[in-house]
Amino acid sequence: MSENVELGVGTRVEHDRYGEGFVCKNTLTAYEIIFERGGKMSFGKNNILRDMKILEPVEDTEPKLSLDEVTDVLEKILERYTGLSENVQIADKWQGGTIVLNPGNATQPKEIPIDIFFHKIVMVRDKLRVLEQNINSNTTLTEQDKINLQKYITNVYGSLTTFNVLFKDKNDYFVGAGKKED
């Protein structure tokens, strides 16, 4: 059988340990199977052909979205409703580079790929933006409370301006309470 087989509900299978069973549910990433010796169990779709033998396949007639299609939809929803953008790029000169942390004692230095470090910085920035949105849309905080909390966030942005050197596009820079970065 093909690696990309989609088993429909009702497909009969046989497992060495659990005996015969049948598919009772087909989800995006797994099959739920009821076995005569073992009851209901879940198997990842990637492992189904390795873990058991297909005795009597039933074609899955339900249209399914691929994982890539679901990912695309979720990214579009997140961009639209949270204002988060995945289109943040690292400056060309840093691609493939590393950050080396040298401890003050005799222990080994730690190397971190800049791409991974950059991704974490972008995640911090995006989470700060979500925090700002949550504060600004909160109906129980007073306007003064919102202003006070916003000051803390602005100060955090200011503390993170050191990392602006990593960004390819200046529009993605952190900006603190001072004037806009050039």
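Key figures
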{"read-out": "Failed item in (1) touching a Gly at 6+ places or on another chain (Cβ under 8 Å); (2) at pLDDT 85 or above, with residue 152 passing the rest", "value": "(1)"}
{"read-out": "Candidate set from segment 1-14 (those that are surrounded by 16 or more Cβ atoms within 10 Å (Cβ to Cβ) and modelled with pLDDT of 90 or more); member that is nearest to residue 48 (Cα to Cα)", "value": "13"}
{"read-out": "Boolean, residue 71 is at pLDDT below 85, within 30 Å of residue 133 (Cα to Cα) and of a type in the set (Ser, Thr, Tyr)", "value": "yes"}
{"read-out": "Candidates 122, 100 - the one that is without any contact (Cβ under 8 Å) to a residue 60 or more places away in the chain, aliphatic (A, V, I, L, M) and within 27 Å of residue 72 (Cα to Cα)", "value": "122"}
{"read-out": "Residue tally, condition of a type in the set (A, V, I, L, M) and over 24 Å from the mean Cα position of the chain (by Cα), over segment 106-152", "value": "4"}
{"read-out": "Verdict on residue 160 being modelled with pLDDT of 90 or more and either on the phi < 0 side of the Ramachandran plot or assigned by TED's automatic domain parsing to the domain that holds residue 92 (or both)", "value": "yes"}
{"read-out": "Of all residues making up segment 1-56, the number that are touching a residue at least 40 places away in the same chain (Cβ under 8 Å), part of a strand (DSSP E or B) and in contact with a helix residue (DSSP H, G or I) (Cβ under 9 Å, 6 or more places away or on another chain)", "value": "3"}
{"read-out": "Residue ID - modelled with the lowest pLDDT, chosen from residues in segment 163-182 that are exposed (fewer than 15 other Cβ atoms within 10 Å of the Cβ) and part of a helix (DSSP H, G or I)", "value": "171"}
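The values are calculated or read from the model by the stated rules, or taken from the named source; none is laboratory data. Fair warning: this is a prediction, and the values are worked out from it, not measured in the lab. When we count neighbours, we look across all protein chains shown, and the Cβ atoms used for this are built from the backbone with ideal geometry, even at glycine.
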